[in-house]
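**Q** The structure that follows is given in the form of structure tokens.
A short reminder: the numbers here are calculations on the coordinates, not readings from a lab. Just so it is clear, the structure is predicted and the values come from calculations on it, not from any experiment. In this analysis, Cβ positions are derived from the backbone assuming ideal geometry, glycine residues included, and neighbour counts consider all displayed protein chains.
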Amino acid sequence: MKFRWSWLSLLLILALTACQPATPTAMGTFHVPGSTLTPAPTPTWNLEPGTPTATPTTAPQPGQSPATLALVNGTLIDGTGAAPVPDAVVLLRTGRIVAVGPRAAVAIPADAQVIDAQGGTILPGFINAHVHGSYSEQILAAWAQGGVTTVRDLSTSPLSSVFKYRDQVNTQPQYARLVAAGPMVTVPGGYPIAYWGASALTVTSPQEARQKVTQLLDDGADVVKIALESGAIFGQKMAMLSPEEAATIVQVAHTRGTVVSVHVSVSPDLARALDAGVDDIAHMVTDELPAELIQRLVKADTYWVPTLELWMGVGLRGRVVDNLRRFVAAGGKVALGTDYQGAPNVRFDLGMPIHEMEFMQQAGMTPMQIIVAGTKNAAHVCNRERDLGTIEVGKIADVLVVAGDPLRDIQALANVGWVVHNGVVIRGGK
């Protein structure tokens with residue numbers, strides 16, 4: 001079916017007009033106005049006789065950072081895709097995971113503080129790998145309270161001081177960890193400048209691309225975001241990075257040990273992104289995804305962050321869901337991301353992105369695939385797979401407990417009882 005870009009452009013304008021990222025704010029007191037987060041239940045203590053553990057009086061409370069913390073009496077889904085471990089123990093010490101396994105295999109120190117999962121599910125902290133407007137303590141706090149302990153902001157405006165702000169909030173565990181790309185890299189007159197009037201980092205040659213992206217990384221960018229947007233979906237032709245400029249940016253980033261995410265919206269631009277060697281695709285394409293491009297994506301091990309929650313809000317359900325279904329069926333790797341922008345007329349979850357997960361299910365993804373997309377795979381596209389995304393020994397202690405079994409009902413992920421971020425209990429207790 002051929003798209004009628006004129007009406008689609010109108011829908012996008014209505015949905016995304018207010019999508020400009022928020023201006024960085026000064027650090028302030030943690031407060032989420034109008035929060036409807038459900039308080040966690042008061043823990044009960046149901047440990048088997050003889051189990052070495054702490055007494056109930058040492059139960060952790062929000063804001064505490066126990067030297068040793070044990071999560072018990074729950075089923076572990078560790079984020080790797082491995083089979084769940086019933087009656088598991090996860091042992092945390094000084095902000096790191098130090099032991100994981102069945103209760104019979106993990107000794108709990110007598111001085112440990114204990115979180116009883118009450119038969120629920122223990123998981124890694126989730127990651128939203130495509131957001132904007134995250135330079136706000138209130139937004140970062142709401143994500144963390146919902147079990148999303150890391151977000152990847154893939155471009156912001158204005159461009160000054162974003163990395164300093166990131167460094168400030170990342171020292172405070174009540175806020176979701178911020179992975180920051182800084183400005184999107186494009187050309188004069190390219191996306192997002194041409195359509196939104198947004199700020200961006202512009203380059204005019206491969207040499208300038210090398211110089212400016214090197215400086216961007218020196219300034220502190222965690223990842224690099226580029227735009228390869230020809231303008232077809234917007235009903236207008238836009239200037240784009242040349243193949244040489246795009247390839248140079250990828251080469252610089254890879255040399256510096258980081259990754260490149262690319263904004264695309266149609267398949268011809270996707271092909272250009274693959275030619276450049278990018279690491280992840282920041283939106284599902286909205287036209288029919290050719291089989292040969294699916295094969296190229298899988299062979300290159302290029303991840304996809306489909307942002308279905310965005311496209312559903314502008315009436316593109318059938319095509320984008322079918323594209324994702326075919327990509328996953330071919331063995332493609334998916335990372336969870338929504339393009340959260342706080343815009344009216346588009347339904348974005350602030351907290352656990354349950355709607356994005358429901359759309360992933362419509363595309364044929366299993367609950368386990370969705371959990372991996374929101375943990376291990378999302379950590380990968382954040383360039384943080386070494387220390388985030390799974391519950392494994394040595395990794396940072398980002399852990400949550402939910403009531404119920406998300407492998408039976410993905411909605412269970414919204415039933416967050418406990419959140420531990422960087423080893424600090426930020427939600428749960430009495």
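**Q** Rank by packing, highest mean first: peptides 89-99, 378-388, 196-206, with packing defined as the count of other Cβ atoms within 10 Å averaged across residues.
**A** Ranking, from highest mean packing down: 378-388, 89-99, 196-206.
**Q** If I take R0 = 25 Å and measure r between the Cβ atoms of LYS237 and GLN211 in this structure, what FRET efficiency does the formula 1/(1 + (r/R0)^6) give, to the nearest 0.05?
**A** 0.35
**Q** Post the alpha-carbon centroid distance, region 182-259 to region 319-343, in whole angstrom.
**A** With region 182-259 and region 319-343 each reduced to a Cα centre, they are spaced 23 Å.
**Q** With charges set only on the Cβ (+1 for Lys and Arg, -1 for Asp and Glu), what does the dipole of region 126-381 come to about its Cα centre, in debye to the nearest 20?
**A** The dipole magnitude comes to about 200 debye.
**Q** Taking R0 as 51 Å, what's the FRET efficiency between GLN362 and ALA110 from their Cβ-Cβ distance, rounded to 0.05?
**A** 0.55
**Q** For ARG317 and HIS254, calculate 0.36 nm times their separation in residues minus their Cα-Cα distance, and state this gained length in nm to one decimal.
**A** Extending this stretch completely gives an extra 19.2 nm.
**Q** Then there is this: Just order 258-268, 279-289 by mean Cβ neighbour count inside 10 Å, highest at the front, would you?
**A** Packing proxy ranking, top to bottom: 279-289, 258-268.
**Q** Subtract the Cα-Cα distance of PHE163 and ARG408 from 0.36 nm times their separation in residues, and report this length gain in nm to one decimal.
**A** 84.2 nm
**Q** Note down the nm distance, to one decimal, between modelled labels 7 Å out along Cα→Cβ at ALA291 and at THR171.
**A** Distance between label points: 5.6 nm.
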